[in-house]
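Can you read through this structure? Questions will come right after.
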Amino acid sequence: MPHIIIEHSEDLPLLPQVLVEKIHTTTFESGLFDLETIKTRAIAYQHYQLGVGKEGFIHIAVNIMAGRSIEQKQKLSEQLLACLQTYCRASDSLSVNIYEMNHEIYRKN
C-alpha cells in the first residue's frame, strides 16, 4: 500500500515512465510507506477537455488504508503536487487527492 494512479493527458512534458518514477520516489520520501509496498501506474487520455489556458492535465489519486492523520495526508498531497510542479508546464492542470480504503472490505492476493 499505497496504490498510486496517475491520470494524465497524452502530451506530457516528460515521458510517462519518468513521471511514474518521480511520483513513486516522492511517495517513498514522504516517510509514510515502505518502498516495497508502493505501487504506481499511469493512464494516458487521448480525449479530454480542459479549462481556458490549460494545455494538459495530471491528476494523482493515492489510495491508502484508513488510519493516517489529516496532517500526514496533507503533507503527502503537498509533496506530490510540488513534484508535479517541478516537472510540468505552468499551463498544465495539476491535482492530487488522497482516498482512504476500508480495512474491512479491501482484498488482495
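The values are calculated or read from the model by the stated rules, or taken from the named source; none is laboratory data. Worth saying up front: this structure is predicted, and the values here are computed from it rather than measured. Cβ coordinates were reconstructed from backbone atoms using ideal geometry, including for glycine residues, and neighbour counts include every protein chain displayed. The area values use the complete protein model at the heavy-atom level, side chains included, leaving out ligands, DNA and RNA. Shrake-Rupley method; radii C 1.70, N 1.55, O 1.52, S 1.80 Å.
For residues that are assigned to a helix (DSSP H, G or I) and open to solvent by 90 Å² or more (accessible area, probe 1.4 Å), scanning just region 9-27, find the one that is modelled with the highest pLDDT.
Among those that are assigned to a helix (DSSP H, G or I) and open to solvent by 90 Å² or more (accessible area, probe 1.4 Å), it is GLU21.
While we're on this one: Given the residues GLY31, GLY53, which is the only one that is at pLDDT below 95 and either under 29 Å from GLU10 (Cβ atoms) or part of a loop (DSSP other than H, G, I, E, B) (or both)?
Just a single option satisfies the conditions, and that option is GLY53.
Can you tell me which residue in region 96-109 is surrounded by the most Cβ atoms within 10 Å (Cβ to Cβ), limited to those that are under 18 Å from ILE4 (Cα atoms) and of a type in the set (D, E, K, R)?
Selected residue: GLU100.
Are there any pairs, at least 6 apart or on different chains, whose C-beta atoms fall under 6 Å, with the first in region 44-57 and more than 10 Å from ARG89 (Cα to Cα) and the second open to solvent by 100 Å² or more (accessible area, probe 1.4 Å), and if so, which?
Pairs found: ALA44/GLU10; GLN46/GLU10.
Next question. Could you please give the count of residues in region 45-95 that are open to solvent by 60 Å² or more (accessible area, probe 1.4 Å) and either small (Gly, Ala, Ser) or in contact with a helix residue (DSSP H, G or I) (Cβ under 7 Å, 6 or more places away or on another chain) (or both)?
4
What's the number of the only condition in (1) in contact (Cβ under 8 Å) with a residue 12 or more places away in the chain; (2) more than 15 Å from SER77 (Cα to Cα) that GLU36 fails to meet?
Result: GLU36 fails condition (1) only.
Keeping to region 34-44, report how many residues are surrounded by 12 or more Cβ atoms within 10 Å (Cβ to Cβ) and part of a loop (DSSP other than H, G, I, E, B).
Total meeting the criteria: 1.
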